[in-house]
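Peer 1: I have a structure here, written as structure tokens, and I will follow up with some questions on it.
Nothing in this text is a laboratory measurement; each read-out follows from the coordinates by a stated rule. Here the structure is a predicted model, which means the values were calculated and not measured. Positions of Cβ are generated from backbone atoms using ideal geometry, with glycine treated the same way; all protein chains shown enter the neighbour counts.
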Amino acid sequence: MGSAHIGFKSLMRKFKAVLQPGCQPLVHRVVGYADIANDWAPDLRFLVRVGSAEEREGVERLQNTGLTNIFWAEDAALEDGDVAVPNPHQEEVVVLFRESDTHHSLFMTNRCNSYCLMCSQPPTAADDSWLVEEAIDAVRHLRKSPDVLGLTGGEPLLLGVGLRRVLDAVAVHHPSTRVEVLTNGRLFANSKIASQILEDLTVSVKWLIPLYGHADFVHDFVVQTPGAFDETLAGLLLLQMHRQEIQLRVVLIEPVLQVLPELAGFVGRNLPFVREIALMGCEPIGFALANRDLCEVDLSEWASTLELSARVLRRHDIPHLLMNAPLCALPQRLWPVAHRSISDWKNVYAQECESCAVKSDCAGLFAWHEKGWKPAPLKTIEESEVVS
Ligand code: SF4
């Protein structure tokens, strides 16, 4: 199972580690050597961080007393509370969840029923349904309840009842956690699947659903799937019937920017029930690199389109936010709606950012901008330039 993670490089964090022989490639909670007595529970697995021969021997003594669910790992990069899968054959550990991160998400499947131009995680057809069991196990192993837990893919709705089982596991083990499911929403057009997943749901879920145009010719082109626009709209209406919270997601690639004001008006007129709409800079990875001519945009050249679209959304009272967009790429009028949105471990800043007055509020860059492109030429902002 552990080696199957290797294909999901962009979503997983991996560390080299010296692992105790015999540990299994299953979900474990990482715990410090000094805390094992406090944290230990019979129904969980533990990876004990050790830093010396004495600590390794201490873990082995505990094993000899009958604690068969603990193994030691020597790795400075692991943190207490990590939920991780050791891979003894590769001498590495995949961290599925890190408490100290700002954003948390679990990877549900690499399969998808769309084929988006800018997909950051190109889909594969292989059966990866074991990821459902891993996600449920990860939820059980979380030491603290996160405020928000993302579920992502691939397309999580393809899991049907499997997705519902993960949502129910969150409800049981972490009732205060809110879940955000990133889905194209198309399978919610099927009322049987919608009922399987939504009926009597007790956990609080926000559904993050991409919409790339005000008409099928744009949306279906971007997701490379005829009929997707109609299915997504039917799915959105079904979610509304089930009183579910929806965030629409719009990735700012060229074909989408061309119609962004029309899309904003379409949402205002036809989907006024959505909680908010997120306008997102494109990640330069995966299919986006292959479709660079359509996906690489300099956001600073689209400032008037972004401002006009924001005005249309304001007129319709649709809350909106900007994600994955550095502040220096945006007009200052849009700064209040720009969020620090890039997951901690893939978030970097450039040399221009070092002395920038707004760095602490800025989304910065994806780590892979080095190999791809920057969302605009970066510009250090001086304190004196910031309009209060
Ligand atoms: S220079 Fe860096 S920190 Fe400053 S606004 Fe641009 S990307 Fe953000």
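Peer 1: Using +1 on the beta carbon of Lys and Arg, -1 on that of Asp and Glu, and nothing else charged, what's the dipole of the stretch 7-81 about the Cα centre, debye to 20?
Peer 2: It comes to approximately 440 debye.
Peer 1: Gain in length, residue 371 to residue 349, computed as 0.36 nm per residue apart minus the alpha-carbon separation, to one decimal in nm?
Peer 2: Net length gain for the segment: 6.5 nm.
Peer 1: Relative to the Cα centre, what is the charge dipole magnitude of the chain, using +1 at the beta carbon of each Lys and Arg, -1 at the beta carbon of each Asp and Glu, and rounding to the nearest 20 debye?
Peer 2: Around 680 debye, computed over the chain.
Peer 1: Report the gain in length on full extension from residue 16 to residue 176: 0.36 nm times residue separation, minus Cα-Cα distance, nm rounded to one decimal.
Peer 2: Between residue 16 and residue 176, full extension yields an extra 54.2 nm.
Peer 1: Once phi is turned into ³J(HN,Hα) by the Karplus curve 6.51 cos²θ - 1.76 cosθ + 1.60 with θ = phi - 60°, what whole-Hz value does each residue of the stretch 189-199 show in order, with x for glycine and proline?
Peer 2: Once θ is set to phi - 60°, the couplings for the stretch 189-199 become 5, 8, 5, 5, 5, 4, 5, 3, 8, 9, 4 Hz.
Peer 1: Whole number please: convex hull volume per residue, Cα atoms of the stretch 263-388, in Å³. Please list the in-between numbers first.
Peer 2: Numbers: hull volume 15.3 nm³, N = 126.
So the per-residue Cα hull volume is 121 Å³.
Peer 1: To make sure I understand the rule: partners must be lysines, Cα under 19 Å from the Cα of residue 374, and not fewer than 8 residues away in the same chain. Which ones qualify?
Peer 2: The reachable lysines, counting only those whose Cα sits under 19 Å from residue 374, are 346, 359.
Peer 1: Once you have a ≥ b ≥ c as the square roots of the Cα gyration tensor eigenvalues for the stretch 319-388, tell me rounded if a/c is under 1.5, and otherwise prolate or oblate according to whether a/b is larger than b/c.
Peer 2: Oblate, because a/c is 1.5 or more while a/b does not exceed b/c.
Peer 1: Sticking with this structure for a sec: Output the peptides 280-291, 216-227 sorted from most to least packed, where packing is the average of other Cβ atoms within 10 Å over each peptide's residues.
Peer 2: Top to bottom by mean Cβ count within 10 Å: 280-291, 216-227.
Peer 1: When N counts the residues of the stretch 2-97, how does its alpha-carbon radius of gyration compare numerically with 2.2 N^0.38 Å, as a ratio?
Peer 2: Working it through for the stretch 2-97, the quotient is 1.01.
Peer 1: If you don't mind, another one. Calculated FRET efficiency, residue 276 and residue 57, Cβ-Cβ r, R0 51 Å, to nearest 0.05?
Peer 2: The pair residue 276/residue 57 has a calculated efficiency of 0.40.
Peer 1: Give me the percent of DSSP beta bridges within the chain that run antiparallel, rounded to the nearest 5.
Peer 2: That works out to approximately 30 percent antiparallel.
Peer 1: Whole percent per 5 Å bin, from 0 to the bin with the longest distance: what is P(r) over all C-alpha pairs of the stretch 81-167?
Peer 2: Taking all Cα pairs of the stretch 81-167, the binned fractions are 3, 13, 22, 21, 21, 14, 6, 0 percent.
Peer 1: I need the phi-derived Karplus couplings for the stretch 131-136: 6.51 cos²θ - 1.76 cosθ + 1.60, θ = phi - 60°, integer Hz, Gly and Pro marked x.
Peer 2: Calculated HN-Hα couplings, in order: 5, 5, 4, 5, 5, 5 Hz.
Peer 1: Another question, if that's okay. Two decimals is fine: what is log10 I(q)/I(0) at q = 0.10, 0.11, 0.14, 0.18 Å⁻¹ for the stretch 188-333, from a Debye sum with one equal scatterer on every Cα and no solvent?
Peer 2: At q = 0.10, 0.11, 0.14, 0.18 Å⁻¹ the computed log10 ratios are -0.36, -0.43, -0.69, -1.09.
Peer 1: Would you mind estimating how fast the chain diffuses translationally, via Stokes-Einstein at 4 °C and 1.567 mPa s with the Kirkwood radius over Cα pairs, in µm²/s?
Peer 2: 58
Peer 1: Pop a pseudo-label 7 angstrom from the Cα along the beta-carbon direction at both residue 241 and residue 361 and give the gap in nm to one decimal.
Peer 2: Distance between the two pseudo-spin positions: 4.3 nm.
Peer 1: Tally Lys and Arg at +1 and Asp and Glu at -1 over the other residues with C-beta under 13 Å from the C-beta of residue 18: what net charge comes out?
Peer 2: Summing Lys and Arg as +1 and Asp and Glu as -1 gives -2.
Peer 1: Would you calculate the separation in nanometres between label points at residue 91 and residue 380, each defined as 7 Å from the Cα along the Cα-to-beta-carbon direction?
Peer 2: So the label points at residue 91 and residue 380 sit 4.2 nm apart.
Peer 1: Note down the nm distance, to one decimal, between modelled labels 7 Å out along Cα→Cβ at residue 74 and at residue 125.
Peer 2: Placing both labels 7 Å beyond Cα along the Cβ direction yields 4.6 nm.
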